[in-house]
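A.B. asks: Below you will find the structure I want to go over with you.
Read-outs: derived from the displayed coordinates by stated rules, not from any lab. Not measured: the values here are computed from a predicted model. FYI the Cβ positions are ideal-geometry reconstructions off the backbone, even for glycines, and counts take in every protein chain you see.
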Amino acid sequence: MTLSKQEKVSYYDQLNKFLKEINLGEKKILLLLDEFQVTLEHIITHESTDKAAFFLNQNRNLRQNIEFKQKISFVYTGSVGLLNVARKMKATDRVNDLDEIKVGPLKKSAAHELAAGLFLGRA
């Protein structure tokens, strides 16, 4: 699909549609979003804090959708910390459903163990 410069894709709508339609059986998507807070800071700088808060709301809606909970888990990674950016935005209510896990460098076996725990909701 080729879009003109005027057309904008709603990634929220696309992911929402995908998650409604996909049949994963017993499988589950573990979506790792690296440096997510950098994306928020970019939206704040180039758009507005309100648009960044709206973006956080969309992410929260996807995470809390009962229909999607068995299909996908979201993992936001980054060195600064999403909570720090949310505090600056006065939008901690949009991330208060997340758990923060501080992780240093991992050996391969520990990384596999962490990923398995995240996938099973035990990390």
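A.B. asks: Can you tell me what percent of all Cα-Cα pairs in the chain are more than 23 Å apart?
C.D. replies: Everything past 23 Å amounts to 40 percent.
A.B. asks: Where in the chain is the longest stretch that carries no GluC sites (Glu not before Pro) classed as loop by DSSP and with at most 10 other Cβ atoms within 10 Å?
C.D. replies: Between the exposed loop sites, the longest stretch runs 27-66.
A.B. asks: Checking the table K27/K108; K51/K88; K17/K69; K27/K51 against a 25 Å threshold on Cα-Cα, which pairs fail?
C.D. replies: Pairs exceeding 25 Å: K27/K51.
A.B. asks: In debye to the nearest 20, how big a dipole does the chain give about its Cα centre with +1 on each Lys and Arg Cβ and -1 on each Asp and Glu Cβ?
C.D. replies: In total the dipole reaches around 160 debye.
A.B. asks: Please return the longest range in the chain lying between exposed loop sites, taking trypsin sites (Lys or Arg not before Pro), DSSP loop only, at most 16 other beta-carbon atoms within 10 Å, and leaving the sites out.
C.D. replies: The longest such stretch corresponds to 29-68.
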